[in-house]
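The values are calculated or read from the model by the stated rules, or taken from the named source; none is laboratory data. A quick note: this is a predicted structure, and the numbers were derived from the prediction, not measured. Every residue, glycine as well, gets a Cβ built from its backbone with ideal geometry; the counts of neighbours run over all protein chains shown. Remember, those area values only see protein heavy atoms, side chains included, never the ligands or the DNA or RNA. Shrake-Rupley method; radii C 1.70, N 1.55, O 1.52, S 1.80 Å.
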Amino acid sequence: MRAELPAAGHPSMPPYDHLTDELLALGTSILCESSGLPGALDHTIRPVWHGAAVTGPAFPLRCAAGDNLAIHVAVDQTPPGHILVVDGMGVIAGYWGEILTVAAQARDITGLVIDGGVRDVAAIERRKFPVFARGIGMRACVKLHAPSVGEPVVVGGVLVAPGDLIVADADGVACIPQAQVERTLAAARQRTEKEASIIARLEKGETTIDILGLAAHRKKK
């Protein structure tokens, strides 16, 4: 039986927790395309270690350039099971490292997406904490300003609001607004079934030209 979305305000768990395995199996590409929305964060925001993947509700924030005070504030305020989604102004500095990774894991924060840089990548990988960043930079950050914590922000070209669904894997990071998750999930399930049928036909020797109705574009021999 497929899990359904819980009612708003479900008291016992993050709103997508029971869907984690299915969302990760569907993947960012299927979900983003099925949504029909411009929810793909900039393609340069990538996993910093091989195999990193995470899904859950967003806790967005904005940092001043080269200043990670807002992240420290957010780690103190983020509900368990959420993903920090950070506008780091695209600056490749060490906004995040092993210290913040340990702090986040101790508070059951499940991952980080940042339009900016991180460091201590080997330690982050050892701890298996999913991090998606624009780059890796060892330069230290100051702690002076916290422009926005827990409010909607634009990250990687996409508006991210608190509680929006984040899915991040080898293909990148997708954000789906809360109000569109149920529709997107239903469409993604249908698309996955359709693609499975196409794959089965391809394995039997049919071509994409025939299956997708592209025969009119086949060059005559």
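Key figures
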item: Acute angle (nearest 10 degrees) that the helix 20-35 long axis makes with the longest principal axis of the chain, alpha-carbon atoms; result: 70 degrees
item: Rule-of-thumb Rg ratio for the range 13-77 [Cα; 2.2 N^0.38 Å; N residues]; result: 1.34
item: Whole-number percent relative contact order across the chain, with pairs defined as alpha carbons under 8 Å at least 6 apart; result: 27 percent
item: Highest-fluctuation residue, THR28, THR44, THR207 considered, GNM on the chain with Cα pairs under 10 Å; result: THR207
item: Relative contact order (percent, whole number), the range 85-166, Cα cutoff 8 Å, 6+ residue spacing; result: 33 percent
item: More than 18 angstrom apart: percent of Cα pairs within the range 57-144; result: 31 percent
item: Distance in nm between pseudo-label sites at HIS217 and TRP49 (7 Å out along the Cβ direction from Cα); result: 4.1 nm
item: Of all accessible heavy-atom area on the range 14-87, the percent that carbon and sulfur account for (1.4 Å); result: 57 percent
item: Largest-first principal axis extents, alpha carbons of the range 168-221, Å; result: 50, 22, 20
item: Point-to-point label distance, ASP21-GLU33, nm (Cα→Cβ direction, 7 Å offset); result: 2.5 nm
item: Most mobile of LEU202, LEU100, LEU61 in a GNM of the chain (Cα contacts under 10 Å); result: LEU202
item: Most fluctuating residue given options ILE166, ILE198, ILE92, as computed from a GNM of the chain linking Cα atoms under 10 Å; result: ILE198
item: [x] 1.05; [y] 0.93; [z] 1.00, with the label sought being that of the calculated Rg/Rh (Cα atoms, Kirkwood Rh); result: [x]
item: Reduced Cα scattering model of the range 49-104, Debye log10 I(q)/I(0), q = 0.14, 0.16, 0.23 Å⁻¹; result: -0.38, -0.50, -1.03
item: Distance between modelled label sites at GLN105 and THR208, nm, 7 Å Cα→Cβ extension; result: 4.0 nm
